[in-house]
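**Q** What follows is a structure written as structure tokens; I'll ask about it next.
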Amino acid sequence: MTSVVSTRTQLADAAFAPVRDFYVSSRYARHRNDPDVCDFTFGNPHEMPLAGFVSALRECAVPRDKNWFAYKTSEPDPQAFLADRVGRELELVFEPADIALTAGAFAAIMVAFHLVLDRGDEVVFSEPAWFCYEPMLLAADLVPRKVRLKGPEFDLDLDAIERAIGPKTRLVIINSPHNPTGRIYGRDAIEALAGLLERASTRFGRRIFLVSDEPYRRLRFDGRGFVSPAAVYPWTLISYSYGKVLLAPGQRLGYLALSPLMPSGDRQALRDAMFSAQMALGWCFPNAVMQYALPELEELSIDRAALARRRDQLTGTLTRAGFDVLPPEGTFYLWSKWPAGDPDRHWNALADRKVFVMPGSIMGSPEYLRISLTASDRMVERALPAFAAMAAA
Ligand SMILES: Cc1ncc(COP(=O)(O)O)c(C=O)c1O
């Protein structure tokens, strides 16, 4: 008998299965709530939320008029606020209508897919990648075209991207600062990518869009700068989330921003279709309280110095233990090659010591692991000897 589940959801489910199984039925799933576990897997909080976050939400939860909790779309005040703030941050002149408020980056990405893509269109992205692009594409009846990032530094492989682009390609996704490698792509790489997309759009007679997925944009180490592709390639849509910088992904807030460099006809067409796209995808606007709280939330960040400290402590111990760490330039992840030997055995040896990391196999890179620096300092302290002992065993 054929399944009652739609084909596209079955495809999405198959692509997502390694992550889902890891989360719900693996050895990690069975132990993640044990009191003494060191959890370096997902980018979840392991300490109490930022005090300013809690007070902003508490204040904004008290209604001031009868419409306080009425349906909310992209409300004019937060749109205008973001046009100004994001504009100053990225040195671009946004208009409020360029910024659609969304329930995090997840929703922004899905809205972008539905705005510019039709069933069967191809989308190019680079691996290792955040593990949700592929299931999200499949669930939207789109065709993922994956290319590899270029080792050992995991640079964009522009030749591979160019080869992957064909007549059905309508979108390329790039993510910087990059999950899982922590790389930030510089202006040269972005300009080269923009040139390539321009040439390919002309060659195939169809405009290729770029989604620049930037939810880790504020989480950068060592004073590194950031150039948004929206400042370089006019057909860029930025997806952003406050879930990372506030480490509160359960309270959904983000946006999809159109590059103000986009020619006015295309830009206006996308603006005009935005409301319907967000409605039709299930009203994926942020809740009222998150929209009211936005100006206060914009000022807050998790402790970046603490992330850098944990990065340094772990990098030192791991390097001495024979791991090959790629120093992250941004995000809150550490990407490393396992020492020689069997990665599964290594993973289990850490799990024996109650240290759980994200296996790279989930991101198509079995020789690697990802460590989330959102683990608490106590977890890091307890885990350091475990990493050393695992490598010595
Ligand atoms: C690269 C990337 N994009 C988008 C998202 C989605 O972010 P949010 O859950 O805040 O919408 C994540 C979350 O892990 C991510 O790593």
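Since every read-out is calculated from the coordinates, none of them should be taken as a lab result. The structure displayed is predicted, hence computed values, not measured ones. All Cβ positions, glycine included, derive from the backbone under ideal geometry; neighbour counts span all protein chains shown.
**Q** Under 10 Å, Cα contacts only: if you run a Gaussian network model on the chain, which one of Leu253, Leu115, Leu373 comes out with the highest mean-square fluctuation?
**A** Leu115
**Q** Using only Cα atoms and rounding to the nearest 10 degrees, what angle (0 to 90) does helix 7-25 make with the longest principal axis of the chain?
**A** 40 degrees
**Q** If you fit an axis through the alpha-carbon atoms of helix 187-204 and take the longest principal axis of the Cα set of the chain, what angle between them do you get, 0 to 90°, nearest 10?
**A** The two axes meet at around 50 degrees.
**Q** Next question. Viscosity 1.002 mPa s, temperature 20 °C: give me the Stokes-Einstein translational D for region 229-310 in µm²/s, with Rh taken as the Kirkwood radius over C-alpha pairs.
**A** 144 µm²/s
**Q** Using Cα pairs closer than 8 Å and at least 6 residues apart in sequence, work out the relative contact order for the chain, in percent.
**A** 23 percent
**Q** For region 164-308, with only Lys/Arg (+1) and Asp/Glu (-1) charged at the beta-carbon, what is the dipole magnitude about the Cα centre, in debye rounded to 20?
**A** Approximately 520 debye in magnitude.
**Q** A further question on this structure: Name the aspartates and glutamates eligible as straight-distance cross-link partners of Lys150: C-alpha to C-alpha under 18 Å, and not fewer than 8 places from it in the same chain.
**A** Filter leaves Glu127, Asp159, Glu162, Asp188, Glu191, Asp324, Glu329, Glu367.
**Q** May I ask you to derive the relative contact order of region 203-321, considering only C-alpha pairs under 8 Å and at least 6 residues apart, and to give it as an integer percent?
**A** Relative contact order of region 203-321: 22 percent.
**Q** Averaging sequence separations of C-alpha pairs under 8 Å and six or more residues apart, then dividing by the length of region 290-382, give the relative contact order as a whole percent.
**A** Dividing the mean separation by the residue count of region 290-382 yields 24 percent.
**Q** Something else about it: Using all C-alpha to C-alpha distances in region 47-114, build P(r) with 5 Å bins and read off the rounded percent in each one.
**A** Using 5 Å bins, I get a P(r) of 3, 13, 14, 19, 23, 17, 9, 1 for region 47-114.
**Q** Quick one: angle between helix 343-352 and the longest Cα principal axis of the chain, in degrees between 0 and 90, rounded to 10, please.
**A** Helix 343-352 sits at roughly 70 degrees to that axis.
**Q** How big is D for region 103-221, in µm² s⁻¹ as a whole number, if Stokes-Einstein is applied with the Kirkwood radius of its Cα pairs at 10 °C and 1.306 mPa s?
**A** 109 µm²/s
**Q** Still on this model: Which values, in whole Å and largest first, are the semi-axes of the equivalent ellipsoid of region 308-376 obtained as the square root of 5 times each eigenvalue of the Cα gyration tensor?
**A** Over the Cα atoms of region 308-376, the ellipsoid semi-axes are 18, 13, 12 Å.
**Q** Debye calculation, C-alpha points only, no solvent: report log10 I(q)/I(0) for region 54-93 at q = 0.22, 0.23, 0.25, 0.29 Å⁻¹, in the same order as the q values.
**A** -0.84, -0.86, -0.90, -0.96
**Q** Based on alpha-carbon atoms only, what is the radius of gyration of the chain relative to the globular estimate 2.2 N^0.38 Å?
**A** Ratio of Rg to 2.2 N^0.38 Å for the chain: 0.99.
**Q** Quick one: grab the alpha carbon gyration tensor of region 188-278, order the square roots of its eigenvalues as a ≥ b ≥ c, and give me rounded if a/c is under 1.5, else prolate or oblate depending on whether a/b is larger than b/c.
**A** Note, shape of region 188-278 comes out oblate.
**Q** Return the distance in nm (one decimal) between the two label points of a simple spin-label model at Lys66 and Asp344, each offset 7 Å from Cα along Cα→Cβ.
**A** 6.4 nm
**Q** Sticking with this structure for a sec: Determine the shape class of region 110-170: with a ≥ b ≥ c the square roots of the Cα gyration tensor eigenvalues, call it rounded for a/c under 1.5, and otherwise prolate if a/b is greater than b/c, oblate otherwise.
**A** Here region 110-170 falls in the oblate category.
**Q** Place a point 7 Å from Cα of Ser6 in the direction of its Cβ. Which residues in region 103-144 have their backbone N less than 11 Å from it?
**A** Those under the cut-off are 139-142.
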